[in-house]
1. Checking the cross-link filter: which lysines have an alpha carbon closer than 20 Å to that of K102, excluding same-chain neighbours under 8 positions apart?
2. Once every DSSP H run of n ≥ 4 in the chain is given -39500 (n - 2.57) and the sum is divided by its residues, what mean residue ellipticity at 222 nm do you get, rounded to the nearest 500 deg cm²/dmol?
3. Computing the accessible area with a 1.4 Å probe over protein heavy atoms, can you report the carbon and sulfur percentage for region 1-113?
4. Taking Cα atoms, how many degrees apart are the long axis of helix 54-65 and the longest axis of the chain, rounded to 10 and kept between 0 and 90?
5. Can you give the percent of C-alpha pairs in region 32-169 whose distance is more than 18 Å?
6. So who's got an amide H within less than 5 Å of the one on Y109, skipping anything under 5 residues away but keeping other chains? H placed 1.01 Å off N, in plane.
7. Quote the convex hull volume per residue of region 91-203, based on C-alpha atoms, as a whole number of Å³.
8. Starting at the first residue of region 106-120, write each ³J(HN,Hα) from the Karplus equation 6.51 cos²θ - 1.76 cosθ + 1.60 with θ = phi - 60°, in whole Hz, x for Gly and Pro.
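The values are calculated or read from the model by the stated rules, or taken from the named source; none is laboratory data. What you see is a predicted model, and the numbers here were worked out from it, not measured in a lab. Surface accessibility is based on the protein's heavy atoms, side chains included, excluding ligands, DNA and RNA. Shrake-Rupley method; radii C 1.70, N 1.55, O 1.52, S 1.80 Å.
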Amino acid sequence: MTFEEMIERSEHIVFFGGAGVSTASGIPDFRSAEGIGGERAEEVLSHDFFVNRTEEFFDFYRKNLLFPDAVPNAAHYALAKLEKRGKLKAVITQNVDGLHRKAGSNVVYELHGNVNYNYCMNCGKRHGAEYVAGSNGVPRCVCGGVVKPGIVLYGEPLDSYMLRMANAFAMAARMLIVAGTSLSVFPASDIVDSYMGNRFVIINETPTEFDSRADLVIRGRVEEVLGNI
């Protein structure tokens with residue numbers, strides 16, 4: 001059965017995506033050779049670094065995680081169209097760029113947070129990404145409190161509600177599409193293990209450890225594959 005046939009025959013599709021979904025929008029995958037350096041990123045984007053070297057954290061954060069001019073690509077729009085057709089029930093993403101929502105997807109579970117949802121650690125006031133991007137040094141709220149990015153930092157737990165919902169949708173799915181991720185970062189394996197069906201599709205440019213379990217593996221760029229459905 002082809003990828004297109006699987007989609008046409010499935011009425012309960014769930015999509016799980018990683019950094020490869022957004023690279024065509026100009027957002028680098030910092031774990032790849034072309035990215036910003038995985039080990040350095042994991043050090044700086046950690047809870048401890050944020051607490052102890054806050055100004056350095058924000059210098060790195062603004063340069064490497066905020067892309068105000070980024071727009072959704074063909075992959076984001078294809079998924080939004082599948083949702084409008086009633087086929088795609090949820091997007092689960094490891095990305096923090098908010099492009100799935102910008103493209104029109106409504107049911108989106110952002111496991112690692114969203115750069116657009118920041119909050120004051122003192123009063124709780126919400127601030128958009130532009131507030132952080134336009135600030136100098138450590139961004140502060142009008143009350144004087146530090147504005148914390150709305151992403152999950154290394155060393156912080158993932159949101160338990162997001163995890164429960166992601167696993168519940170994967171378990172109920174009739175078709176699971178995994179794209180743009182090596183499936184090597186928690187909780188990817190848990191989400192894949194939750195899927196009980198026989199239409200498990202992996203779209204990735206490089207092999208993953210789950211390829212042997214997939215019903216269909218497509219080697220290619222995510223935006224090109226999804227853009228053609």
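1. K81, K84, K87, K89
2. Working: 10 runs with 78 residues, N = 229.
Taken over the chain, the calculation gives -9000 deg cm²/dmol.
3. Working: 2430 of 5080 Å².
C and S atoms contribute 48 percent here.
4. With rounding to tens, the tilt is 40 degrees.
5. Numbers: 5689 of 9453 pairs.
For region 32-169, the fraction of Cα-Cα distances above 18 Å is 60 percent.
6. Here the answer is V91, I92, T93, since their amide H atoms fall under 5 Å of that of Y109.
7. Details: hull volume 14.2 nm³, N = 113.
With only Cα atoms used, region 91-203 gives 126 Å³ per residue.
8. Whole-Hz 3J(HN,Hα) from phi for region 106-120: 9, 9, 10, 10, 9, 4, 10, x, 8, 5, 7, 10, 10, 9, 6.
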